[in-house]
Structures are given as structure tokens and as C-alpha cells.
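Participant: I'd like to ask some things about the structure below.
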């Protein structure tokens, strides 16, 4: 598994704590880095969950011939891509937004069964009373923030 991100801190976290085999820092040589990790082929499956139009558009270039691009994030902008590039790769494009009740039940069961490493992923917690102050602070102080949880009750 590989992860591409703009944050060196998140990449280091993903490598050290989540088992990502390789990480790629977003930059001018991103395409070359992807080619290096994939022997020039691109990834079989690319997930873009950024909600950033630019990221979603650039994700097409990282998909291998016959691969799949899954766009999870939703933006109000228009997403455009090169049709010749899309067709030459013979890739599949999947948009994913809505989850079913069964999806949520599966996630809940996985968390309860200990299959999701919450102790690793949840780096910040707050109460419902302190949430407005903490969320505003975390919007600017992102160091070490992976997933924040508001405890209710």
C-alpha cells in the first residue's frame, strides 16, 4: 500500500503506525515518484478522498492501465480530465458518496471487533461542551492531528 499526501507528518504517521509500505510527498516530481514505486505502471487502484478538485483531476495520471480510480470526496467545482488519457488507460472511474445502512453496520461491527485501530487513529478528543473551542483551534493547529472525536455523554 502506498500513500500520497501533501503533509510529511501524515506520511510519517502512515508509514510508522498504519503499515503503509511506501509514501510519496506531493510535489513537482510526484509523477516520477509514482512511476518509481510502481515500476512505471501506475497503481491498480487509486482512492482520492480529498474533496479537492485539483487533486481529483491529477489522480487520473496515477492509475495503471486497466486500473480503477475511486473519487470519494465531493466538490462543487467541475472536474475535468483528458479523454485520450482516460481511454488509453482503459480505466474504470467510480464515484462514491452515499453509504447504505449495511455499510454503517459493517463499519460499526469492525470497530467493535477491534479491526479498526482507533487507539492509533484517534489523536485528539474533546467533549461536546469544549468542541467549539477545540475545533476552532484544531483548524489552525493541525500538528499531530489525524482524527478528532467529540465524546458525547
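Participant: Can you report the number of residues in the stretch 126-143 which are out of contact with any strand residue (DSSP E or B) (no Cβ under 7 Å at 6 or more places or on another chain) and surrounded by 11 or more Cβ atoms within 10 Å (Cβ to Cβ)? Steps first, please.
Facilitator: From the stretch 126-143, those out of contact with any strand residue (DSSP E or B) (no Cβ under 7 Å at 6 or more places or on another chain) are 129-130, 132-133, 135-137, 139-143; that's our starting set.
From what's left, surrounded by 11 or more Cβ atoms within 10 Å (Cβ to Cβ): 130, 135, 137, 141-142.
Result for the stretch 126-143: 5.
Participant: Residues that are over 24 Å from residue 17 (Cα atoms) and free of Cβ contacts under 8 Å to residues at least 40 places away in the same chain: does the stretch 104-119 have at least one? Break it down into steps so the answer makes sense when it comes.
Facilitator: Our first condition is that a residue be over 24 Å from residue 17 (Cα atoms); within the stretch 104-119, this holds for 104-105.
Filter once more, so that each one left must be free of Cβ contacts under 8 Å to residues at least 40 places away in the same chain: 104-105.
Yes, some residue in the stretch 104-119 is over 24 Å from residue 17 (Cα atoms) and free of Cβ contacts under 8 Å to residues at least 40 places away in the same chain.
Participant: Only helices (runs of 4 or more DSSP H) wholly contained in the stretch 1-96 count here; list those with 2 or more residues that are in contact with a strand residue (DSSP E or B) (Cβ under 8 Å, 6 or more places away or on another chain) and more than 26 Å from residue 120 (Cα to Cα). Reasoning before the result, please.
Facilitator: Details: elements: 8-17, 30-37, 53-59, 83-89.
Passing ranges, in order: 30-37, 53-59, 83-89.
Participant: Here is a follow-up. Could you please find all residues in the stretch 59-85 being under 16 Å from residue 31 (Cβ atoms) and either surrounded by fewer than 11 Cβ atoms within 10 Å (Cβ to Cβ) or touching a helix residue (DSSP H, G or I) at 6+ places or on another chain (Cβ under 9 Å) (or both)? Full working, then the answer.
Facilitator: Step one: filter the stretch 59-85 for residues under 16 Å from residue 31 (Cβ atoms), giving 59-65, 67, 69, 81-82, 85.
Those that are under 16 Å from residue 31 (Cβ atoms) and either surrounded by fewer than 11 Cβ atoms within 10 Å (Cβ to Cβ) or touching a helix residue (DSSP H, G or I) at 6+ places or on another chain (Cβ under 9 Å) (or both): 60, 61, 62, 63, 64, 65, 67, 69, 81, 82, 85.
Participant: What is the residue count in the stretch 116-125 for residues that are at pLDDT 95 or above and either exposed (fewer than 12 other Cβ atoms within 10 Å of the Cβ) or farther than 14 Å from residue 146 by Cα (or both)?
Facilitator: Going through the stretch 116-125 one residue at a time, the tally reaches 0.
Participant: Could you go through the stretch 101-113 and let me know if any residue there is modelled with pLDDT of 90 or more and touching a helix residue (DSSP H, G or I) at 6+ places or on another chain (Cβ under 7 Å).
Facilitator: Among the residues of the stretch 101-113, at least one is modelled with pLDDT of 90 or more and touching a helix residue (DSSP H, G or I) at 6+ places or on another chain (Cβ under 7 Å), which makes the answer yes.
Participant: Does the stretch 144-152 contain at least one residue that is surrounded by 12 or more Cβ atoms within 10 Å (Cβ to Cβ) and assigned to a loop (DSSP other than H, G, I, E, B)?
Facilitator: yes
Participant: Ok, one more. How many residues does the stretch 28-50 hold that are exposed (fewer than 14 other Cβ atoms within 10 Å of the Cβ) and on the phi > 0 side of the Ramachandran plot?
Facilitator: 2
Participant: Another question, then. Mind checking which pairs have a first residue in the stretch 1-14 that is on the phi < 0 side of the Ramachandran plot and a second that is surrounded by 14 or more Cβ atoms within 10 Å (Cβ to Cβ) and assigned to a helix (DSSP H, G or I), Cβ under 7 Å, 6 or more apart or different chains?
Facilitator: From the stretch 1-14, the pairs are 2/37; 3/11; 3/14; 4/30; 5/11.
The values are calculated or read from the model by the stated rules, or taken from the named source; none is laboratory data. This structure is a prediction, so every number in the text was calculated from the model and none was measured. A quick note on method: Cβ atoms are made from the backbone with ideal geometry, for glycine too, and the neighbour counts reach across all protein chains shown.
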